[in-house]
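Each remark here refers to the structure printed beneath this line.
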Amino acid sequence: MASVTQRIKQYNKEVGQPRGGLINPKLLTATQFDDEQGALDHKLENIHASIVGLAVDYLSRLARISAKNTEEAVRQAADVFRASVMGSERLSDFGGDESIAADAKAVVLGFEMTQLDDGAVKYVIDADAVRRACRLSTYDVGLRAGVVFYNPQSTQLAPDEVTTAHILTMIQRAAKFFEQYGPVTTDGFIFVSEEAHAVGGRGGYTDLVDSGDGDFLTADTLWDFKVSASKPTKDHTLQLLMYFLMGKQSSLPDFEDITSVGIFNPRLNVVSRLEVMELPADVIETVRRDVIGYDV
């Protein structure tokens, strides 16, 4: 059993994708946004790229929170950082150090809030928020990869001035993206309902792919956040199609109107999008049957 990304690695090793990939990245339609800052050089940053990516994703979600009161805002923030907190709890259970889980919960509660003139409560996205998000993101590994991969030093490493500026710029770019392509209909998603999962239901998961979660949905598009310094790869496009098919298989209403997949890369400030119906039927069937494991 494996996550979506782990399954892609397995498939590449055991079978291999054809030249150009099952879904050639050239099929994506790319749109370049211009804020006169260009691509942000990851080599100048002092935080690992995976942590930066998670921090940008989480802070973009945090920035979209507009709550009726502080209690509701805190609940929504806890949902944004759910994976981080769950990862910290696993790290605490594994190492017997309860301070890790306690730290994660305290950091979530420490994000600054402000109340707008209309009474809505919003989170302040500033350098302190960046520091907190990076710290929390270091705990995700406990959930996503395994507790043995946790490096305590990563938690103690705060983003420097350049890294902080880059992350804040990417959050601003994300806000512009959502203005044009939003609104977001689902923020963070899995492929089975909580009710079905509680009674052993699988939804869109299989024996081959038993975990994996996506970033967000808009009216007709399933989106993935990538902060890579490179253009989309064949593994990225395969991941998108797997998400799409697993969403459809789940029968969750969130995916009913989804017809396209896309990547937003705030580091490059590029949107890449693809209509799934443009793909050959045999490619879709190969991914359904051989990669995900439906109808086998």
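The values are calculated or read from the model by the stated rules, or taken from the named source; none is laboratory data. Please read these numbers as outputs of a predicted model, since none were measured by experiment. Virtual Cβ from ideal backbone geometry, glycine too; neighbours counted across all protein chains shown.
What the table below lists for this structure:
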quantity: Residue among Ala133, Ala83, Ala101 that is touching a residue at least 60 places away in the same chain (Cβ under 8 Å), touching an Asp or Glu at 6+ places or on another chain (Cβ under 8 Å) and hydrophobic (A, V, I, L, M, F, W, C); calculated: Ala83
quantity: Out of Glu71, Glu112, Glu89, sole residue that is without any contact (Cβ under 8 Å) to a residue 60 or more places away in the chain, surrounded by fewer than 22 Cβ atoms within 10 Å (Cβ to Cβ) and closer than 24 Å to Arg173 by Cβ; calculated: Glu112
quantity: Some residue of segment 278-294 being in a helix (DSSP H, G or I), under 15 Å from Leu28 (Cβ atoms), touching a residue at least 12 places away in the same chain (Cβ under 8 Å) and not polar (S, T, N, Q); calculated: yes
quantity: Condition broken by Thr114, with the remaining ones in (1) at positive phi; (2) touching a strand residue (DSSP E or B) at 6+ places or on another chain (Cβ under 8 Å); (3) not basic (Lys, Arg) satisfied; calculated: (1)
quantity: Residue under evaluation Gly16, criteria (1) without any contact (Cβ under 8 Å) to a residue 40 or more places away in the chain; (2) under 22 Å from the mean Cα position of the chain (by Cα), criterion not met; calculated: (2)
quantity: Single condition Phe216 does not satisfy, out of (1) within 23 Å of Ala175 (Cβ to Cβ); (2) crowded, with 21+ Cβ neighbours inside 10 Å; (3) touching a helix residue (DSSP H, G or I) at 6+ places or on another chain (Cβ under 6 Å); calculated: (3)
quantity: Positions within segment 244-287 being crowded, with 20+ Cβ neighbours inside 10 Å, over 14 Å from Asp220 (Cα atoms) and not hydrophobic (A, V, I, L, M, F, W, C), in sequence order; calculated: Ser250, Asn265, Pro266, Arg267, Asn269, Ser272
quantity: Count - residues of segment 203-231 that are on the phi < 0 side of the Ramachandran plot, under 15 Å from the mean Cα position of the chain (by Cα) and either in a loop (DSSP other than H, G, I, E, B) or among the hydroxyl-bearing types (Ser, Thr, Tyr) (or both); calculated: 7
quantity: Whichever residue in segment 136-185 is of a type in the set (Phe, Trp, Tyr) and not in a helix (DSSP H, G or I) and, among such residues, is nearest to Val108 (Cα to Cα); calculated: Tyr139
quantity: Filter pass, Gly146 being crowded, with 21+ Cβ neighbours inside 10 Å, small (Gly, Ala, Ser), out of contact with any His (no Cβ under 7 Å at 6 or more places or on another chain) and outside the structural domain of Lys26 (by TED's automatic domain parsing); calculated: no
